[in-house]
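First up is the structure itself, then whatever we jot down about it.
The values are calculated or read from the model by the stated rules, or taken from the named source; none is laboratory data. Please read these numbers as outputs of a predicted model, since none were measured by experiment. Cβ: placed from backbone, ideal geometry, glycine included. Neighbour counts: every protein chain shown. Note: accessible area is taken over every heavy atom of the protein model, side chains too, but ligands, DNA and RNA are not part of it. Shrake-Rupley method; radii C 1.70, N 1.55, O 1.52, S 1.80 Å.
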Amino acid sequence: MKNRIDDLAIFGTKPAFSEKLYVGRPNPCNFQHLIERITDIFNRCWFTNNGIYVQELERKIAEMIGVKHCIAMCNGTVALEIAIRAVGLSGEVIVPSFTFIATVHALQWQKITPVFCDIDPDTHNIDPVQIEQIITPRTTGIIGVHTWGRACDVDVLEALSEKHNLKLLFDASHAFHCSYKGKMIGQFGNAEIFSFHATKFFNTFEGGAVTTNDDDLAKKIRLMKNFGFSGYDNVVSIGTNGKLNEVSAAMGITLMENLNEFIKGNLGNYNQYHRELDNIPGIRLIEYDESEKCNYQYIVLEIDEKVTQINRDQLIEILHAENVLARRYFYPGCHKMEPYRSFFPNAGLLLPETEQLVKNVMTLPTGMAIGKSDIIQICHILRFAVKHGSDLNDRMRLVKKNKNQQGSHAE
Ligand SMILES: Cc1ncc(COP(=O)(O)O)c(C=O)c1O
């Protein structure tokens, strides 16, 4: 345990962990079951094009969610692009800036203007009050993002989209196996989009899906993801290649066997973090509503620098030196990234909560690779760093200043 400032690895001592601890490290599936499925794929020599494993995965996910259609895709970004096109979005679409850049790129890629909306600081999700203020005659839709797996205010967004005749999509990339008011996420709006990227709670190496209860929309999306082919040699509309391959689908089916175990592991870690972080002034762990289904994939902290006297980036630097690869999230906000920063240089004026959150938020490692003693150590380092926040802040600034001076002398 680190008990003196000089014990911290940032000042040159041994890190607390000999191996790096990652945010978003994939959970292991039953490797034997995966190999059996992959062997079968090779024996049958059918690798893609709506194979039996893709069909099985789609069926299993649709059943789990309680939705009529699940269309598997090669990744979440292409799933977003196809869903956006299939529901007919154009002109302007309202989207939070506090999201992964793919949510926004998927619009701009199709020459649709993203209009950035602020978030509710309590939920970190799109702020329905602001949505109404930024609707214009060019607005055709809203994309909500269920950030951290905590559902958007679905009822309000559905009412708003109905009132203004807008399409409604949800980016549910974080929200596999999560619920809203007891109903599984994946059945709301016109369609919902999942990412099955390797860093997600549920992964197919790369992959994603669109889920919907709309039969016509599902048909359109299926055509679009397969070049518009409706049968041999018969292309009936424009399309692209959004297909998931069989090995990825086999990975998904195999991981689904262990979902409950992963949730149990994540919940145990979350509860442990909750206990260990209790009463550290200036650090808030975001909470999950335990009356809902939740995957507990993200351990999210907000740092109040005025209280801790040490800022989020300094805390991350301290943790990284100890081999705890804590991460900023969605930094610096999509509106601050290109091309949006150049398109809308003043967007930040309407996004005060987003601008605040991107400076304060960080995530910590969890998942099956993280144990109770790891969490105790990580939280001890954080508690210690905050206890000595002001001293550490001074010392880290001094070290940086000296390094910069040495650098400029060397030039
Ligand atoms: C909120 C969000 N949207 C979209 C994506 C894009 O998904 P993918 O990486 O599968 O293309 C991700 C993750 O990568 C995400 O976190």
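I'd like the full set of residues that are touching a residue at least 40 places away in the same chain (Cβ under 8 Å), in a loop (DSSP other than H, G, I, E, B) and out of contact with any Ser or Thr (no Cβ under 8 Å at 6 or more places or on another chain), limited to region 3-24.
Selection gives N3, L8, P15, A16, F17, S18, E19, K20.
When you look at N260, is it within 16 Å of the ligand (Cβ to nearest atom) and open to solvent by 20 Å² or more (accessible area, probe 1.4 Å), yes or no? Working first, answer last.
Values: within 16 Å of the ligand (Cβ to nearest atom): no; open to solvent by 20 Å² or more (accessible area, probe 1.4 Å): yes.
In short, no.
Which one is most open to solvent (accessible area, probe 1.4 Å), of the residues in region 103-118 that are among the aliphatic types (A, V, I, L, M) and not in a helix (DSSP H, G or I)?
The initial filter retains those residues of region 103-118 that are among the aliphatic types (A, V, I, L, M), namely 104, 106-107, 112, 115.
Then keep just the ones that are not in a helix (DSSP H, G or I); that gives 112, 115.
Numbers: I112: 6, V115: 32 Å².
Out of the qualifying residues, it is V115.
Being assigned to a loop (DSSP other than H, G, I, E, B) and either out of contact with any Lys or Arg (no Cβ under 7 Å at 6 or more places or on another chain) or not β-branched (V, I, T) (or both) is the filter here; which residues of region 241-281 pass it?
Listed by number, the residues that qualify are G242, K243, L244, N245, E257, N258, D278, N279, P281.
Would you be able to tell me the number of residues in region 152-181 that are in contact with a Ser or Thr (Cβ under 8 Å, 6 or more places away or on another chain) and surrounded by fewer than 24 Cβ atoms within 10 Å (Cβ to Cβ)?
6
Tell me yes or no: at least one residue of region 155-167 is within 15 Å of the ligand (Cβ to nearest atom), of a type outside the set (D, E) and either modelled with pLDDT of 95 or more or in contact with a helix residue (DSSP H, G or I) (Cβ under 6 Å, 6 or more places away or on another chain) (or both).
No, because not a single residue in region 155-167 is within 15 Å of the ligand (Cβ to nearest atom), of a type outside the set (D, E) and either modelled with pLDDT of 95 or more or in contact with a helix residue (DSSP H, G or I) (Cβ under 6 Å, 6 or more places away or on another chain) (or both).
Restricting region 89-101 to residues that are hydrophobic (A, V, I, L, M, F, W, C) and open to solvent by 10 Å² or more (accessible area, probe 1.4 Å), which is nearest to the ligand (Cβ to nearest atom)?
Result: F100.
For region 231-259, enumerate the residues that are among the acidic types (D, E) and touching a helix residue (DSSP H, G or I) at 6+ places or on another chain (Cβ under 7 Å).
If the condition is that a residue be among the acidic types (D, E) and touching a helix residue (DSSP H, G or I) at 6+ places or on another chain (Cβ under 7 Å), then E246, E257 are the ones that fit.
Output the residues belonging to region 127-144 that are open to solvent by 10 Å² or more (accessible area, probe 1.4 Å) and either part of a loop (DSSP other than H, G, I, E, B) or within 15 Å of the ligand (Cβ to nearest atom) (or both). Before the answer, list the steps.
Our first condition is that a residue be open to solvent by 10 Å² or more (accessible area, probe 1.4 Å); within region 127-144, this holds for 127-130, 132-140.
Result: D127, I135, T136, P137, R138.
Can you name every residue in region 53-69 that is farther than 18 Å from I221 by Cα, in contact (Cβ under 8 Å) with a residue 40 or more places away in the chain and either open to solvent by 50 Å² or more (accessible area, probe 1.4 Å) or assigned to a loop (DSSP other than H, G, I, E, B) (or both)?
Hits for region 53-69 are K60, G66.
Based on this model, can you work out whether V78 counts as open to solvent by 20 Å² or more (accessible area, probe 1.4 Å), within 13 Å of the ligand (Cβ to nearest atom), under 30 Å from C379 (Cα atoms) and not hydroxyl-bearing (S, T, Y)?
So V78 does not fit the description; no.
Could we say that I376 is in a helix (DSSP H, G or I) and in contact with an Asp or Glu (Cβ under 7 Å, 6 or more places away or on another chain) here?
yes
Among what's in region 171-202 and is more than 8 Å from the ligand (Cβ to nearest atom) and of a type in the set (G, A, S), pick the residue that is farthest from A106 (Cα to Cα).
Applying the first criterion (more than 8 Å from the ligand (Cβ to nearest atom)) to region 171-202 yields 172, 175-192, 194, 198, 201-202.
This time we only want the ones that are of a type in the set (G, A, S), so: 172, 175, 179, 182, 186, 189, 191, 198.
On the way: A172: 14, A175: 19, S179: 25, G182: 30, G186: 19, G189: 18, A191: 15, A198: 20 Å.
Of everything passing the filter in region 171-202, G182 is farthest from A106 (Cα to Cα).
Take the residues of region 231-240 that are modelled with pLDDT of 95 or more and outside any loop (DSSP other than H, G, I, E, B): which is surrounded by the most Cβ atoms within 10 Å (Cβ to Cβ)?
Across region 231-240, the extreme among qualifying residues is V235.
Do you know which residues across region 324-347 are surrounded by 17 or more Cβ atoms within 10 Å (Cβ to Cβ) and more than 22 Å from the chain's Cα centre (by Cα)?
F344, A347, listed by residue number.
Identify, by number, the condition in (1) out of contact with any helix residue (DSSP H, G or I) (no Cβ under 7 Å at 6 or more places or on another chain); (2) open to solvent by 50 Å² or more (accessible area, probe 1.4 Å) that H33 doesn't meet.
All conditions are met except number (1).
Only one residue in A218, A209 is away from the ligand (no atom under 15 Å from the Cβ), outside any loop (DSSP other than H, G, I, E, B) and touching a residue at least 12 places away in the same chain (Cβ under 8 Å). Which one?
A218
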